[in-house]
Amino acid sequence: MKHINRHASHHTDAIITADEPTASRFLTGVDSPIVMWNASTQFVDGGEFGTGAEIDISTGRLHVRGPVALEGLTTYRWLVMGTGHSRP
């Protein structure tokens, strides 16, 4: 987790493990908006998350510039847990 938090893109990170305590530490300890347990990172898509088509990808904490309403100040963090799921 230290390596990921220091060197990764801070976009999507995943762990494959059967050990629930390890997965729990990973899900809460990795500083990325999308953190996955036993699921393919191919699921990272606006359509898959129900947010609609993507127009850009943000790895920053706050991504809005210009006039900002309350909705624009909302950030999301996704925790995805699977059992080896993959996207066809």
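Observations
Yes/no matrix, rows are residues, columns are (1) at pLDDT below 65; (2) of a type in the set (A, V, I, L, M, F, W, C); (3) more than 22 Å from residue 4 (Cβ to Cβ):
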{"residue": "34", "(1), (2), (3)": "no, yes, no"}
{"residue": "38", "(1), (2), (3)": "no, no, no"}
{"residue": "42", "(1), (2), (3)": "no, no, no"}
{"residue": "59", "(1), (2), (3)": "yes, no, no"}
{"residue": "73", "(1), (2), (3)": "yes, yes, yes"}
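- Residues in segment 14-50 that are without any contact (Cβ under 8 Å) to a residue 12 or more places away in the chain, under 19 Å from residue 76 (Cβ atoms) and in a loop (DSSP other than H, G, I, E, B): 45, 50.
- When residues in segment 1-13 are screened for being among the hydrophobic types (A, V, I, L, M, F, W, C) and either loosely packed, with under 11 Cβ neighbours inside 10 Å or touching a residue at least 60 places away in the same chain (Cβ under 8 Å) (or both), 0 of them pass.
The values are calculated or read from the model by the stated rules, or taken from the named source; none is laboratory data. Remember, it's a predicted structure, so these values are computed and weren't measured experimentally. We place every Cβ from the backbone using ideal geometry, glycine too, and count neighbours over all the protein chains shown.
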